[in-house]
Amino acid sequence: MHQEHAALNLKPLEALIITLLILGGISYSIIFAGAVPHIPVVFAIMGLIAYGLIKKVSITQLEKGLIEGAQSGLGAIFIFFLIGMLISSWMASGTIPTFIYMALEAVNGKFFYAIVFVVASVIGMSIGSSLTTAATLGVAFMGVSSALGLSDAITAGAVISGAFFGDKMSPLSDTTNLASSTVKVDLFEHIKTMAWTTIPSFIISLAIFAVLSPGEAASDFSKIAQLKKTLLDEGLVHWYSLIPFVILSILAIKRVSAIITLSAGILSALILAIFVQNSFGFEKVMSLLFSGYASKSGSEEVDALLSRGGMESMMFSISLVLLALSMGGLFFKLGILPALLEGIKGVLNRVSALVAAAAGTAIGINFLLGEQYLSILLTGNAFRGPFEKAGLHPKNLSRILEDAGTVVNPLVPWSVCGVFLTGVLGVETAAYMPFAFFCILSPVITLIYGFTGLKIEKIEKKAAV
């Protein structure tokens, strides 16, 4: 999608009105009508096509805009398929269950909030899903918190902060893959770049949770103990189950392409699964990789935590990505996005203003639409060109998409994450929001980096031959 291919030359005001109508309709459908994002996005595409026809844009050009938009996401879609296969194979090999067991070993009565934050972070990175982490271990932590007589709001804040840290930094996360692919940045380079803002946010959050935690607390940790026992009884905890993680880490450090790295992680896990699983034949492997791992331990918490992965599990994300990118293609083809950027180009002549505008857009879309995928996709496509023109490396933008997009969603009461977390943890968004320190600090620190120029990398210019 390129601005110079726009079929119309709109005025910024007209482009703004169209954008507000489109986003307003999507926002109303998701927030008030409870629609899944796909349907309002399809209607938005229909509306944009109708607008283009009224403006005498040929249907051939409009179709080309749709196709160009969808094509830009094909790389991400293939990675999404591999991620689904990696998760299911790592479940079968015991890699993820072993990580979960190791994290649960750290839970005790001391520094409870800080431990919850760290454990949720580890589990979030292991499974690549913030919502699954919160809906399983988060619920267990809430029960322990009540038994200890501690604050439900702070506990929920610790769970959410850790879960979204893990989700943000995990190569298994769909939002992490989406942010990197949207602006054409290598997955592991994206994660490495995020560390500059994420680690300070993590350390500050951990310090605050440690200060807020009671020094010592006695309680019944039977829920945690039961989770560990079930994992052991299922035969999923082994030291050698960590081998696929070691292989993936080595390849990532050596900057091997994400496709090869993820493929190596899948194949090594499948080999290990032969020793971990009973009767692990070819048919079971094919089913596992497509439909995901199905845990039948008898424990609802463990089954919910481990029954994940497979190509099929990524279809929701992939379909939304294709639709959103197609809509973005029409925004470019109809000249709407170029006109909007033209209207604000006067304030985008400084790095600090460009970073603030990108972060503000990601946050604004979260509050307007309540959808983190669209926050990443729309912001990434809107600012990829301006960042390139400013000579800024695209990994600066991919980091902003996560710092101000992914982790902000749970702070919005009517967002997908906000509604879900309130339901499973039993704590209102407004109650846990002040204690979701990591989610609050991430956009703040990314703005500080933008205004100071700290770790804002420029595109290296090739020397003339």
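The values are calculated or read from the model by the stated rules, or taken from the named source; none is laboratory data. As the structure is a prediction and not an experimental result, all values here were calculated from the model. So basically every Cβ, Gly included, is an ideal-geometry build from the backbone, and we count neighbours across all protein chains shown. Ligands, DNA and RNA are excluded from the accessible area calculation, which covers all protein heavy atoms including side chains. Shrake-Rupley method; radii C 1.70, N 1.55, O 1.52, S 1.80 Å.
Each row is one residue, and each column tells you yes or no for (1) of a type in the set (D, E, K, R); (2) over 20 Å from ASP167 (Cα atoms); (3) crowded, with 22+ Cβ neighbours inside 10 Å.
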position: LYS55; (1), (2), (3): yes, yes, no
position: THR60; (1), (2), (3): no, yes, no
position: GLY75; (1), (2), (3): no, yes, no
position: GLY84; (1), (2), (3): no, no, yes
position: ILE96; (1), (2), (3): no, no, yes
position: TYR101; (1), (2), (3): no, no, no
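Could you figure out which of (1) modelled with pLDDT of 85 or more; (2) surrounded by 19 or more Cβ atoms within 10 Å (Cβ to Cβ) isn't true of LEU248?
Only one criterion is unmet by LEU248, namely (1).
What number of residues in region 401-415 are open to solvent by 10 Å² or more (accessible area, probe 1.4 Å) and under 14 Å from ALA163 (Cβ atoms)?
Selection size over region 401-415: 1.
For every residue, the table says whether it meets (1) open to solvent by less than 50 Å² (accessible area, probe 1.4 Å); (2) under 16 Å from ALA92 (Cα atoms).
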{"site": "LEU212", "(1), (2)": "no, no"}
{"site": "ALA258", "(1), (2)": "yes, no"}
{"site": "PHE275", "(1), (2)": "no, yes"}
{"site": "PHE282", "(1), (2)": "no, yes"}
{"site": "SER307", "(1), (2)": "no, yes"}
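Among the residues of region 422-434, count how many are assigned to a helix (DSSP H, G or I), in contact with a Leu (Cβ under 9 Å, 6 or more places away or on another chain) and either at pLDDT 85 or above or of a type outside the set (A, V, I, L, M) (or both). Explain how you work it out, then say what you get.
First, pick out the residues of region 422-434 that are assigned to a helix (DSSP H, G or I): 422-425, 429-434.
Checking the rest, the ones that are also in contact with a Leu (Cβ under 9 Å, 6 or more places away or on another chain) come to 424, 429, 432-433.
Checking which are either at pLDDT 85 or above or of a type outside the set (A, V, I, L, M) (or both) leaves us with 429, 432-433.
So the count comes out to 3.
Those residues that are part of a helix (DSSP H, G or I) and touching a Gly at 6+ places or on another chain (Cβ under 8 Å), I need them from region 369-381; list them, please.
GLN372, SER375, ILE376, LEU377, LEU378, THR379, ASN381 - these are the residues of region 369-381 that are part of a helix (DSSP H, G or I) and touching a Gly at 6+ places or on another chain (Cβ under 8 Å).
Can you name the number of the only condition in (1) within 30 Å of ILE127 (Cβ to Cβ); (2) open to solvent by 10 Å² or more (accessible area, probe 1.4 Å); (3) part of a helix (DSSP H, G or I); (4) touching a residue at least 24 places away in the same chain (Cβ under 8 Å) that LEU341 fails?
(1)
Could you go through region 25-33 and let me know if any residue there is more than 19 Å from GLY385 (Cα to Cα), aromatic (Phe, Trp, Tyr) and open to solvent by 50 Å² or more (accessible area, probe 1.4 Å).
Yes: one or more hits.
What is the one condition in (1) over 18 Å from ASN381 (Cβ atoms); (2) not in a loop (DSSP other than H, G, I, E, B) that LEU62 does not satisfy?
Result: LEU62 fails condition (1) only.
Out of (1) open to solvent by 30 Å² or more (accessible area, probe 1.4 Å); (2) at pLDDT below 90; (3) not hydrophobic (A, V, I, L, M, F, W, C), the odd one out for PRO171 is which?
It fails just one condition, (1).
Identify, from the list PHE117, PHE80, the residue that is in a helix (DSSP H, G or I), open to solvent by less than 40 Å² (accessible area, probe 1.4 Å) and under 30 Å from PHE209 (Cα atoms).
PHE117
Could you list, ordered by first residue, the pairs with Cβ atoms under 8 Å in which the first is in region 121-136 and assigned to a loop (DSSP other than H, G, I, E, B) and the second is of a type in the set (Ser, Thr, Tyr), at least 6 apart or interchain?
Close Cβ pairs (under 8 Å, with a partner that is of a type in the set (Ser, Thr, Tyr)) amount to GLY128/SER170; GLY128/SER173; GLY128/THR176; SER129/SER173.
Does ILE318 fit the bill of being open to solvent by 20 Å² or more (accessible area, probe 1.4 Å) and under 30 Å from THR132 (Cβ atoms)?
no
Output the residues belonging to region 432-444 that are aliphatic (A, V, I, L, M) and either open to solvent by 20 Å² or more (accessible area, probe 1.4 Å) or over 28 Å from MET142 (Cβ atoms) (or both).
The answer is MET433, ILE440, LEU441, VAL444.
For region 205-213, indicate whether the set of residues that are closer than 25 Å to ILE87 by Cβ, assigned to a helix (DSSP H, G or I) and touching a residue at least 60 places away in the same chain (Cβ under 8 Å) is non-empty. Walk me through how you get there before you give the answer.
Residues of region 205-213 closer than 25 Å to ILE87 by Cβ: none.
Looking for residues that are closer than 25 Å to ILE87 by Cβ, assigned to a helix (DSSP H, G or I) and touching a residue at least 60 places away in the same chain (Cβ under 8 Å), one finds none in region 205-213, hence no.
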